[in-house]
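Beneath this line is the structure, given in structure tokens, with notes to follow.
Where a number appears in this text, it was derived from the coordinates with a stated rule and is not lab data. As the structure is a prediction and not an experimental result, all values here were calculated from the model. For neighbour counting, all protein chains shown are included, and Cβ atoms are generated from backbone atoms with ideal geometry for every residue, glycine included.
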Amino acid sequence: MIPVAIAEATILDLVSPLSPEKASEPIGLDRADGRILATAIASPLDFPHWDNSAMDGYAVRYADVASASAEQPVSLAIVEEIPAGRPPARAIGPGQAARILTGSMMPEGADTIVIQENTTRQGDRVDILAAPEPQAFVRHRASFLSAGQPLLAAGTVLNAPEIAILAAAQCPQVTVYRRPRVAILSTGDELVPPDRPLKPGQIVDSNQFGLAALIRQAGGEPLPLGIVPDHPEALRVMIAGALSHADIVLSSGGVSVGDYDYVDRILTELGATLHIRAVAIKPGKPLTVATFSSPSPTLYFGLPGNPVSALVSFWRFVAPALRKLAGQAAPWGSPWVSARSRHDLRAGGQRETYLWGKLLAAPTGLEFALAGGSHSSGNLINLASTNALAKVPVGTTQVAAGSAVAVMMLAPPRSRE
């Protein structure tokens, strides 16, 4: 067994991101959610595009209103109204003002906005009841970003804010990395798909579906290949076929030391280089990581068959590799935070132990609530609603309730329960 940190570093060193020249595609913004930019984008526009008002009020010359007060208001002639979307028709001269709305262009000659709460209008004149600060509520052209400056870097994941920025910059189509193709196969004579009646001794293959969902969440394209029986030749044919059209191959089961665990042997016979055979982690000790150079560079993960072990192994080791392969900028792993544990956390101390549960946002900070029931690698049921994994380090057998614990976030914290 190798330490978890060394396993993670080894895996990431094996990954080279997809080529932006060979593995990218143009895509419209309406389909870009979650995709990763393959090329950097410079802004074609100034932000703001022109000087504009941040408030409803009156565009004035500061020199005209610097002495205004409620006791001695300054009266200005209103020479124009400027609604949003229409350019000003005339300049503002001494003693003049323009009625202006939020977002409207500043007229020439005006340099300050007086908000309407500090005014009284009488027909075509307005009384200024308080002196504003110079250039108050004016958003100046290019004060947010100048045309030609970097807008979004290559490797940026496009979520709602980034897509809105691209739309505002008039970039209706962008170049993104293609999604890495990840083949999934489950091994074991005992496995059956969810739509088949169970016979005594059989197990439903949940890994195929759980791993496919995690692959999509990490930015990949899952290629489910189904169940492979515990027969070396069937496994050899399935793996060889997967290598021809996948960037990553995931198998679950068959990587321990049982009589029917053939994965490592088959990988070696097919020409793989094996880098990892086992990791000092619980759940998930048996983990095979291998690389193939032909027919094309491919990364292989042999995950444990127990469902919790398979999912935890994916979260800890596969997801970062997939994000790096997909072209996402570092960091690739899930974020770590410190939280106060609501419960005693127990571990054997021999391996880095991960306990699943909920990360909660409390008024005093983050809290980790351990999932109830057995923390067995075969107990998939209490993994429901998990959004975090608490780590108990090697050499530690207990983290007392109320103590701080390192937590890997799988999803944002929830409100306190």
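State the dimensionless ratio Rg/Rh of region 336-415 (Rg: radius of gyration of Cα atoms; Rh: Kirkwood radius). Please report the intermediate quantities before stating the final value.
Working: Rg = 11.7 Å, Rh = 12.5 Å.
Rounded to two decimals, Rg/Rh equals 0.94.
Using a 7 Å offset from Cα along Cα-Cβ at F209, what residues in region 302-330 end up with backbone N under 16 Å from the label point?
Inside the label zone: 307-308, 311.
Work out from phi, with θ = phi - 60° and the Karplus expression 6.51 cos²θ - 1.76 cosθ + 1.60, the ³J(HN,Hα) of each residue of region 54-59, listed in order in whole Hz, and give x for Gly and Pro.
For region 54-59, the Karplus curve yields 8, 8, 6, x, 9, 7 Hz.
In nm, give the distance between the simple-model label positions of H231 and M1, each being 7 Å from the Cα along the Cα-to-Cβ direction.
So the label points at H231 and M1 sit 3.6 nm apart.
Compute the long axis of helix 232-243 from its Cα atoms, compare it with the longest principal axis of the Cα atoms of the chain, and write down the angle in degrees, 0 to 90, nearest 10.
Long axis of 232-243 versus the principal axis of the chain: about 20 degrees.
Sticking with the crude label model, points 7 Å out along Cα→Cβ, report the distance from Q398 to S296 in nm, one decimal please.
5.4 nm
Which residues in region 76-98 have a backbone N closer than 19 Å to a point placed 7 Å from the Cα of D127 along the Cα-to-Cβ line?
Backbone N within reach: 76-79, 95-98.
Can you sort D46, D13 by how many other beta carbons sit within 10 Å, fewest first? Present the calculation step by step, with values, prior to reporting the outcome.
Numbers: D46 17, D13 9.
The fewest-first ordering by Cβ neighbours comes to D13, D46.
Using alpha carbons only, what's the Rg to Rh ratio of region 364-405 with Rh from Kirkwood? Can you show the working numbers first?
On the way: Rg = 11.8 Å, Rh = 12.2 Å.
Ratio of gyration radius to Kirkwood radius: 0.97.
On full extension of the chain, what length is gained from A361 through A411, given 0.36 nm per residue of separation minus the C-alpha to C-alpha distance? Please list the in-between numbers first.
Details: separation 50, 0.36 × 50 = 18.00 nm, distance 1.23 nm.
Separation in residues times 0.36 nm, less the Cα-Cα distance, equals 16.8 nm.
Where does helix 4-14 land angle-wise versus the long Cα axis of the chain, in degrees 0 to 90, nearest 10?
Approximately 80 degrees, to the nearest ten.
If you fit an axis through the alpha-carbon atoms of helix 207-217 and take the longest principal axis of the Cα set of the chain, what angle between them do you get, 0 to 90°, nearest 10?
20 degrees
With a point put 7 Å past each Cα toward its Cβ, work out how far A42 is from T268 in nm, to one decimal.
5.5 nm
Relative to a virtual label point 7 Å from the Cα of R346 in the Cα→beta-carbon direction, which members of region 371-393 show backbone nitrogen distances below 18 Å?
371-379, 390-393
Taking R0 as 60 Å, what FRET efficiency do you get between H245 and R86 from their Cβ-Cβ distance, rounded to the nearest 0.05?
Working: r = 56 Å, r/R0 = 0.93.
My answer for the efficiency is 0.60.
Go ahead and estimate [θ] at 222 nm for the chain from helices alone: -39,500 (n - 2.57) per DSSP H run with n ≥ 4, summed, over the residue count, rounded to 500. If you can, show how the numbers build up before the last one.
Details: 8 runs with 68 residues, N = 417.
-4500 deg cm²/dmol, from helical runs alone.
Going by average Cβ density within 10 Å per residue, which order do the peptides 300-312, 205-217 take, highest to lowest? Mind showing how you got there, number by number?
Working: 300-312: 25.6, 205-217: 20.0.
Put in order of decreasing packing, that is 300-312, 205-217.
According to the Cα gyration tensor, what semi-axes, each the square root of 5 times an eigenvalue, does the equivalent ellipsoid of region 52-139 have, listed from largest to smallest in whole Å?
Values: eigenvalues 67, 33, 26 Å².
Each semi-axis is √(5λ); the values are 18, 13, 11 Å.
Give me the aspartates and glutamates in straight-line cross-link reach of K391: C-alpha distance below 18 Å, same-chain residues under 8 apart excluded.
Excluding near neighbours in sequence, the set is E8, D344, E352, E367.
Can you put I115, I100, I82 in order, fewest other beta carbons within 10 Å first?
On the way: I115 16, I100 29, I82 22.
So the residues, fewest neighbours to most, are I115, I82, I100.
Test of understanding: ordering T353, T175, T156 by Cβ neighbours within 10 Å, fewest first, what list do you get?
Numbers: T353 24, T175 15, T156 21.
Listed from fewest to most nearby Cβ atoms, that is T175, T156, T353.
Distance check, please: which entries in K282/K358; K22/K324; K282/K324 exceed 21 angstrom between their Cα atoms? Don't skip to the end; give the middle numbers.
Details: K282/K358 18 Å; K22/K324 16 Å; K282/K324 24 Å.
As for pairs spanning more than 21 Å Cα to Cα, those are K282/K324.
In a solvent-free Debye calculation with one equal scatterer on each Cα, what is log10 I(q)/I(0) for the chain at q = 0.07, 0.13, 0.14 Å⁻¹, listed in the order of the q values?
At q = 0.07, 0.13, 0.14 Å⁻¹ the computed log10 ratios are -0.52, -1.07, -1.18.
Would you calculate the volume per residue, in Å³, of the smallest convex hull containing every Cα atom of region 189-341? All intermediate terms of the calculation are to be shown ahead of the outcome.
Details: hull volume 21.5 nm³, N = 153.
Each residue corresponds to 141 Å³ of Cα convex hull volume.
Please work out, to two decimal places, the log10 of the ratio I(q)/I(0) at q = 0.15, 0.16, 0.22 Å⁻¹ from a Debye calculation in which every Cα of region 307-361 carries one identical scatterer.
-0.60, -0.67, -1.05
What does the extension gain come out to for S69 and K22, with contour length at 0.36 nm per residue minus their alpha carbon separation?
10.3 nm
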